[in-house]
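Heads up: the structure comes next, in structure tokens.
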Amino acid sequence: MTTATQRVYNFSPGPATLPLSALEEAQRDLLCLPGVGASILEISHRSKTFEEIMRAAEENIRKLLKIPSHYHVLFLQGGARLQFGMIPMNFLRGTGRPADFIVTGSWGASALKEAQTQGPVRTLWDGKAEGYRRTPTPEQYQINPDAAYIHFTSNETIEGIEFFSEPETGDIPLVCDASSDFLSRPIPMERYALLYAGAQKNAGPAGVTIVIIREDMLKRCPDDLPSMLNYRKHAEAKSLLNTPPCFAVYIVKLVTDWLLREIGGLEQMYAINRRKAALLYEVLDRSEGYYRGHADPQCRSLMNVTFRLPNEALEKKFIAEAEKAGFMHLEGHRSVGGCRASIYNAMPIEGVQALCEFMKDFRERNPA
Ligand code: PMP
């Protein structure tokens with residue numbers, strides 16, 4: 001039988017490591033939810049039990065992010081990628097206005113490309129020529145008053161670039177792909193018109209996408225869209241327009257319970273995340289150029305630490321030896337290579353400390 005003691009430190013970019021206590025609770029209750037007589041996998045999504053689970057997950061997210069009451073929290077499907085298309089379907093198509101994008105990495109570039117299928121887009125700033133190493137300063141891009149909305153990616157999972165404050169957009173609706181830093185720190189929700197995140201990094205398993213949308217945006221959703229692509233219809237149906245991904249929503253509830261009860265909220269989570277990231281970046285910075293961080297220091301992601309070794313042969317060796325030593329998934333994204341340690345909320349600090357020791361030791365054993 002596989003037990004918790006056989007678990008390794010999993011640095012996967014997503015689906016990613018989950019809090020052990022959430023997994024244990026799910027395991028304990030898998031055959032039968034307490035007092036229900038059946039498993040979460042077997043009960044109706046219209047049952048009171050499931051509705052309570054979904055409402056509890058929503059309440060937890062509201063509490064954690066201090067979401068004002070004029071926002072809806074939706075549990076949708078189709079991944080963050082469906083949001084790349086659904087946002088312009090609802091807020092760009094037919095408006096006669098362009099959508100503006102701040103592109104700081106590969107996911108932002110994909111979101112822009114999808115939006116182009118629905119209407120005109122403009123790039124306010126694009127870090128591609130610099131190899132996506134940083135976020136822009138506010139002086140480096142100009143807000144167009146006629147924009148339908150402005151889209152940015154708060155954390156670029158592939159390159160490891162993170163925004164630590166929101167772009168200033170005035171009255172233009174701000175739309176954010178927060179897939180890979182969702183619930184990792186407090187954010188001023190009232191600055192956002194729409195924020196979305198695939199759950200599979202910080203919030204739960206793959207299969208559910210969380211969308212937080214301001215009430216006034218719903219009025220803009222065109223009537224001629226199929227219901228499943230219309231945010232207003234999802235909000236009216238309280239995310240029960242069709243059968244939702246019940247199990248994924250249930251795990252989101254358990255993970256957010258953990259965040260509230262065991263961690264104590266997002267301020268505490270943020271402090272832990274800063275400590276974890278600082279440990280790893282310190283190893284890079286003290287390695288005399290052996291481990292070269294990809295991101296400019298002020299834009300370094302607290303979630304995805306991206307780095308290179310002196311050459312590709314050493315990178316391969318590093319990843320293979322790390323795997324043997326119990327550090328899983330340190331390879332960079334297939335599009336950029338190199339190495340990446342994803343250290344989302346549920347990665348314990350002990351895992352990061354152990355990885356730091358492994359990295360120092362590897363460097364000593366394998367000079368450039
Ligand atoms: N945006 C970001 C920032 C991501 O990291 C990812 C997935 N890694 C996506 C979008 C795409 O998410 P999904 O696979 O859920 O569509």
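Each residue in the stretch 150-169 was checked for being within 10 Å of the ligand (Cβ to nearest atom) and either surrounded by fewer than 24 Cβ atoms within 10 Å (Cβ to Cβ) or among the small types (Gly, Ala, Ser) (or both), and 2 of them qualify. Does the stretch 227-239 contain any residue that is of a type in the set (A, V, I, L, M), in contact with a Pro (Cβ under 9 Å, 6 or more places away or on another chain), part of a loop (DSSP other than H, G, I, E, B) and surrounded by fewer than 22 Cβ atoms within 10 Å (Cβ to Cβ)? Taking every residue of the stretch 227-239 in turn, none turns out to be of a type in the set (A, V, I, L, M), in contact with a Pro (Cβ under 9 Å, 6 or more places away or on another chain), part of a loop (DSSP other than H, G, I, E, B) and surrounded by fewer than 22 Cβ atoms within 10 Å (Cβ to Cβ). Please indicate, with yes or no, whether at least one residue in the stretch 5-23 is in a helix (DSSP H, G or I), modelled with pLDDT of 95 or more, loosely packed, with under 13 Cβ neighbours inside 10 Å and more than 16 Å from the ligand (Cβ to nearest atom). No, because not a single residue in the stretch 5-23 is in a helix (DSSP H, G or I), modelled with pLDDT of 95 or more, loosely packed, with under 13 Cβ neighbours inside 10 Å and more than 16 Å from the ligand (Cβ to nearest atom).
Looking at ARG93, ARG134, ARG97, ARG122, just one residue is free of Cβ contacts under 8 Å to residues at least 60 places away in the same chain, part of a loop (DSSP other than H, G, I, E, B), at negative phi and not acidic (Asp, Glu), and that residue is ARG97. Within the stretch 145-161, residues that are within 28 Å of ARG340 (Cβ to Cβ) sit with their Cβ atoms under 8 Å from residues that are in a strand (DSSP E or B) and near the ligand (Cβ under 8 Å from one of its atoms), at 6+ positions apart or across chains, in these pairs: HIS151/ASP177; PHE152/ASP177; THR153/ASP177; SER154/ASP177; ILE161/ASN155. Given the structure, is ILE172 at pLDDT 95 or above and either within 15 Å of GLY105 (Cβ to Cβ) or within 11 Å of the ligand (Cβ to nearest atom) (or both)? No, not satisfied. Residue by residue through the stretch 53-87, note down the ones that are over 30 Å from ASP29 (Cα atoms) and within 15 Å of the ligand (Cβ to nearest atom). Passing the criteria: ARG81, LEU82, GLN83, PHE84, GLY85, MET86, ILE87.
The values are calculated or read from the model by the stated rules, or taken from the named source; none is laboratory data. Everything numeric here is computed off the predicted structure, so don't read it as measured data. FYI the Cβ positions are ideal-geometry reconstructions off the backbone, even for glycines, and counts take in every protein chain you see.
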